[in-house]
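Since every read-out is calculated from the coordinates, none of them should be taken as a lab result. All of these numbers come straight from a predicted model, not from anything done at the bench. We place every Cβ from the backbone using ideal geometry, glycine too, and count neighbours over all the protein chains shown.
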Amino acid sequence: MRKKDISDAIGNINDRYIEEAADFQRKKKRTGKSSILQKSVAAAASFILVFILSVSTLVAADFSPAYEFLYTLSPSAAQKLKPVSMISEDNGIKIEVISAYVESGEAKILISVQDLEEDRIDETTDLFDSFSINTSFDCSSSCENIKYDAETETAVFLISISQWDKYDIADEKITFSVREILSNKETYEGSISTLNLDKNSGSVKIFTPYSVLGGSGANSEKYMEDFQALVSQGDINSPVSGVALTAIGYVGEKLHIQIRYDSALETDNHGYVYLKNSDGDVLDCEASISFFTDEGEKDMYSEYIFDLSDKNVSDYVIYGKFTTSNMHIKGKWSVTFPLEKVR
Amino acid sequence: MEEDSKIIDLLYKREEQALIELSEKYGTACKRIAGNILKNHRDAEECVNDTYLAVWNTIPPKNPNPLRAYIFRIIRNISIAKYHENTCIKRNSYYDVALQELENCLMAVMTVEQEMEANELSDLLDGFLETLDKRSRIMFVRRYWYSDSISDLAERFQISNNNVSVRLSRIRGKLKRYLKKEGVEV
């Protein structure tokens with residue numbers, strides 16, 4: 001398909017998606033007039049939907065098309081109509097609201113995640129950025145694992161919501177939804193290779209990756225343009241299961257160190273590489289570029305680029321810090337609950 | 001800042017105050033969209049001015065609702081047209097890089113035999129976007145419609161650049177599977 005056709009196709013998506021994504025950017029307060037317009041839209045939408053759809057239709061699965069469509073049109077109407085549901089179970093995992101309160105304009109919600117069938121939940125469990133928080137007001141939010149009870153195999157998450165406007169959000173309904181959970185995570189930090197980093201230690205081959213995902217570091221944009229990666233030299237070393245050192249070599253004057261993260265899209269395996277010498281001095285990479293080598297996009301590679309031009313190369317050893325997971329759970333969990341005001 | 005309905009009233013009355021209001025309310029966002037595509041400040045400014053002119057010339061008789069999406073579409077289309085006519089633009093625009101990602105994902109969608117129209121793919125994309133959770137949907141639209149860079153998205157979602165890249169790749173994988181399920185050859 002030609003680029004222009006793809007550009008035209010993506011350009012013609014429905015207005016509501018453009019509006020939804022534009023709203024996500026907006027951080028300004030709504031003006032009083034705009035607020036009246038919003039309430040009018042909410043009232044009109046509620047009026048129309050009550051006639052067109054019965055309440056029982058809206059009291060459907062948490063991801064009902066009617067709720068999702070109404071939410072893009074009017075978040076406050078959608079949240080008013082969404083029924084309260086404090087517990088959600090799927091794939092043997094139960095999510096339950098423990099408490100939800102608002103204090104000084106900030107909402108704090110405690111939610112438990114418990115495995116009813118197996119041993120998949122532990123102290124490392126996280127929600128893999130798959131969660132969404134639907135509110136009737138503009139806000140920013142965060143979610144973190146704060147506690148794990150080994151006896152009941154339950155992890156507790158704290159969700160904090162800070163609203164951008166200054167009106168009372170007590171009694172407002174929040175919908176918290178999750179689609180993926182990661183668990184059994186391990187972190188490794190240490191030496192990953194003592195191989196010679198000298199420039200003359202061998203020739204390397206390079207190639208153009210199938211797709212470049214992105215990069216980090218101050219100079220990453222420079223490297224991303226027409227990026228050439230090292231051809232893998234096999235698994236040189238694997239410091240932890242799911243991560244392997246696959247190539248080392250110089251491209252021009254820069255040292256490239258290549259790491260493979262197995263099944264990154266499923267496991268969120270990730271990390272970074274640095275160099276350290278005998279005095280304990282740490283040298284960070286000037287850029288890292290991540291890429292896939294084939295259409296399957298299963299294993300992700302990251303290439304870390306170092307400038308060793310003014311360093312005693314032989315004194316440096318490769319170190320890495322990696323986080324891996326071997327438990328990926330999918331499901332559809334959604335809870336809806338009102339916020340209570342702390343008295 | 002005026003409500004959209006007031007701006008449209010001013011346009012219908014042919015009052016130039018409408019353009020001032022448009023600029024105040026949507027100028028920054030329009031410049032950002034144009035900048036993401038063109039990477040050239042002067043070209044972007046020119047496209048924004050062309051957008052105001054297009055709005056002036058088309059309203060009335062049009063009465064778009066939502067106005068914002070209408071304006072954003074115009075600036076995007078004008079910027080893309082400018083991008084294609086200017087062969088000197090280096091291949092480092094966020095728009096071009098984002099399009100390359102989608103091209104890799106959709107490379108085989110339209111063949112000579114299949115002859116899928118772009119608007120058919122748009123309908124499929126709408127259906128696909130409905131299947132995504134809100135955060136993923138917004139990330140997809142911001143990357144491929146608004147042409148936001150990876151760094152912009154990382155800042156917006158408060159996650160790392162790498163996390164953004166992985167999430168986008170996962171979403172593109174879902175798109176491929178969705179299209180296959182809908183009977184489209186990918």
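The residues A:Val273, A:Val251, when put in order of fewest to most other Cβ atoms within 10 Å, stand as A:Val251, A:Val273. Annotation: amide H of B:Glu3 has no partner in the under-5 Å range at sequence separation 5 or more or interchain, hydrogens built in the peptide plane. Listed cross-link partners B:Lys13/B:Lys62; A:Lys205/A:Lys321; A:Lys276/A:Lys321; A:Lys185/B:Lys174 are compared with a 19 Å cut-off, the Cα-Cα value being larger for A:Lys205/A:Lys321; A:Lys185/B:Lys174. Here A:Lys298 is the anchor, and the aspartates and glutamates within straight C-alpha reach of less than 13 Å, apart from those fewer than 8 places off in the same chain, are A:Asp262, A:Glu266, A:Asp268. 3J(HN,Hα) couplings calculated from phi for the range A:207-220 with the Karplus curve 6.51 cos²θ - 1.76 cosθ + 1.60 (θ = phi - 60°) are, in sequence order, 8, 8, x, 4, 8, 9, 7, x, x, 9, x, 4, 9, 5 Hz; Gly and Pro show x. Here the Karplus curve 6.51 cos²θ - 1.76 cosθ + 1.60, taken at θ = phi - 60°, turns the phi angles of the range B:154-160 into couplings of 4, 5, 5, 8, 6, 9, 6 Hz, with x standing for Gly and Pro.
With neighbours defined as other Cβ atoms within 10 Å of a residue's Cβ, the residues B:Asp126, A:Asp119, B:Asp148, B:Asp133 order from fewest to most as A:Asp119, B:Asp126, B:Asp133, B:Asp148. Highest mobility in the GNM of chain B, judged by mean-square fluctuation with C-alpha springs under 10 Å and restricted to B:Ala54, B:Ala34, B:Ala44, is found for B:Ala54. Annotation: amide H of A:Ser232 has no partner in the under-5 Å range at sequence separation 5 or more or interchain, hydrogens built in the peptide plane.
Let's see if you can work this out: charge +1 on each Lys and Arg Cβ, -1 on each Asp and Glu Cβ, no other charges. What is the dipole magnitude of the range A:187-324 about its Cα centre, in debye to the nearest 20? The calculated dipole for the range A:187-324 is roughly 280 debye. Phi-derived couplings, Karplus 6.51 cos²θ - 1.76 cosθ + 1.60 at θ = phi - 60°, listed residue by residue for the range A:254-267: 9, 7, 10, 10, 10, 10, 9, 10, 5, 6, 4, 5, 8, 9 Hz, with x used for Gly and Pro. The loop-placed GluC sites (Glu not before Pro) in the range A:193-286, going by DSSP, that have at most 13 neighbouring Cβ atoms within 10 Å of their Cβ come out as A:Glu225, A:Glu253. Counts of other chain beta carbons within 10 angstrom of each beta carbon in peptide B:121-131 average 4. Remark: mean inter-chain Cβ contacts per residue of B:154-166 equal 5, using a 10 Å Cβ-Cβ cutoff to other protein chain atoms. In loop segments of the range A:175-210 as defined by DSSP, the trypsin sites (Lys or Arg not before Pro) with at most 16 further C-beta atoms inside 10 Å of their C-beta are A:Lys199, A:Lys205. Near the amide H of A:Asn269, within less than 5 Å, lie the amide hydrogens of A:Ser325, all on another chain or at least 5 residues away, with H placed in the peptide plane.
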